[in-house]
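Chemist: Below is one structure. I have some questions about it.
The values are calculated or read from the model by the stated rules, or taken from the named source; none is laboratory data. Model, not experiment: these values are computed from the prediction. Cβ atoms come from the backbone with ideal geometry, glycine included; neighbour counts cover every protein chain shown.
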Amino acid sequence: MSHRNAPLTPTGRLRLARCVVDDGWPLRRAAERFQVSHTTAARWAGRYQLHGHAGMEDRSSSPHHQPRRASAAVEEKVVRLRREHRIGPLRLAARAGVAASTAHRILKRHGLPPLAALDRATGQPVRRYERSRPGELIHVDVKKLGRIPDGGGHKVLGRAAGRKNRNGAGLAYLHTALDDHSRLAYTEDLPDEKAATCAGFLTRAAAWFAARGVTVERVLTDNAWAYTKNTWRRTCRDLGIQPRWTRPWRPQTNGKVERFHRTLLDEWAYHRPYTSHAERQAAFPDWLDWYNYHRPHTGISGHTPASRVTNLPGQHT
């Protein structure tokens, strides 16, 4: 690909070459007209004579002869180890006896994607999907989070004092409903993950989305006990929602809400030390509002979740 300061694109090269070869312009006149050097004009005219239109395209800058390049046997070994063991360049380098940078270049040459883009179970590229409209599919999941005892945990008091101040703080159960298309999220901190609790959360989440003009059509959950009971199925039926479940041992199917929970931990729960669970929870509504309305989301090309829901109140504030 031509760099941004290149004086000639493939189209410009073709025009220059045709002026010289087809119209008989002197090289210096063509070079002056297209504001390039005499030698540049001669190079493109020569390539046009030899290769025609195809000769105007960019060529690789790699040298034709590379005596220090890894042998075919080494490349085959690196590729085989990667496919068999699904390990990265550093560990491949140790096993194949090459530098990590060499292993990385071999993987790139053979079109092998980064491990982060692969399904860990199968080694195949992750198939990404996105529903075409808000509400078509809502992901639901629960994230367990340790409650912070009054006075603070180890991040405020240090390890030793933090262990003494646990006082049976227990767990918070963060229930989240996340829209597949827009990534708009609704989260509640609830005392447990029993069937009745999960069903009540779904009812409130559906009402929250409806207030924003989103009608929930399907809900996707994992196969946790609460989501397989009649209470959950009955609630879905009463709300007019079709329940869906992920395949066993395939949590990545519900990966959008899993990724949201990781963002939630990094940017809210563990973002700064809190002196109590109540203090951390008091900071949550502002963070969730920022996530929905103001935070650029890399999964939707830097847009905000709210921007993908038509006429959502507050999206421009």
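Chemist: Tally time: how many residues in the stretch 58-75 are assigned to a helix (DSSP H, G or I) and surrounded by 14 or more Cβ atoms within 10 Å (Cβ to Cβ)?
Modeler: Residues meeting the conditions: 2.
Chemist: Moving on to the next point. If you go through the stretch 251-260 one residue at a time, do you hit one that is of a type in the set (Gly, Ala, Ser) and at pLDDT below 90? Walk me through how you get there before you give the answer.
Modeler: Restricting attention to the stretch 251-260, the residues satisfying the condition of being of a type in the set (Gly, Ala, Ser) are 255.
Within this subset, residues satisfying the condition of being at pLDDT below 90 are 255.
Looking for residues that are of a type in the set (Gly, Ala, Ser) and at pLDDT below 90, one finds at least one in the stretch 251-260, hence yes.
Chemist: Which pairs do you get when a residue that is of a type in the set (S, T, N, Q), found in the stretch 259-274, comes within reach of a residue that is surrounded by fewer than 20 Cβ atoms within 10 Å (Cβ to Cβ) and assigned to a helix (DSSP H, G or I), reach meaning Cβ atoms under 7 angstrom, with the pair 6+ apart or on two chains?
Modeler: none
Chemist: Kindly provide the set of residues from the stretch 221-276 that are in a loop (DSSP other than H, G, I, E, B), out of contact with any strand residue (DSSP E or B) (no Cβ under 7 Å at 6 or more places or on another chain) and either more than 27 Å from residue 290 (Cα to Cα) or aliphatic (A, V, I, L, M) (or both), ordered by number.
Modeler: Correct list: 224, 229, 240, 247, 248, 249, 250.
Chemist: List the pairs whose first member sits in the stretch 42-67 and is within 14 Å of residue 10 (Cβ to Cβ), whose second member is in a helix (DSSP H, G or I) and β-branched (Val, Ile, Thr), and whose Cβ atoms are under 6 Å apart, counting only residues at least 6 apart or on separate chains?
Modeler: 48/21
Chemist: Give the residue, chosen from 204, 183, that is among the charged types (D, E, K, R) and over 15 Å from residue 261 (Cβ atoms). Working first, answer last.
Modeler: Working: 183 fails: over 15 Å from residue 261 (Cβ atoms).
Sole residue among the options that is among the charged types (D, E, K, R) and over 15 Å from residue 261 (Cβ atoms): 204.
Chemist: Sort through 275, 263 and tell me the only one that's within 20 Å of residue 305 (Cα to Cα), in contact with a helix residue (DSSP H, G or I) (Cβ under 9 Å, 6 or more places away or on another chain) and surrounded by 13 or more Cβ atoms within 10 Å (Cβ to Cβ).
Modeler: The match here is 263.
Chemist: Give me the pairs, please: first residue somewhere in the stretch 283-305 and closer than 18 Å to residue 259 by Cβ, second residue anywhere and surrounded by 13 or more Cβ atoms within 10 Å (Cβ to Cβ) and of a type in the set (Lys, Arg), beta-carbon distance under 7 Å, and either six or more positions apart or on two chains.
Modeler: Cβ pairs passing all conditions: 297/183; 299/183; 300/183; 300/308; 304/295; 305/183.
Chemist: Among 92, 112, which is the only one that is closer than 27 Å to residue 255 by Cα and either touching a residue at least 60 places away in the same chain (Cβ under 8 Å) or under 33 Å from the mean Cα position of the chain (by Cα) (or both)? If you could, list the steps in order and put the result at the bottom.
Modeler: Details: 92 fails: closer than 27 Å to residue 255 by Cα.
Step by step, each of 92, 112 is checked, and only 112 is closer than 27 Å to residue 255 by Cα and either touching a residue at least 60 places away in the same chain (Cβ under 8 Å) or under 33 Å from the mean Cα position of the chain (by Cα) (or both).
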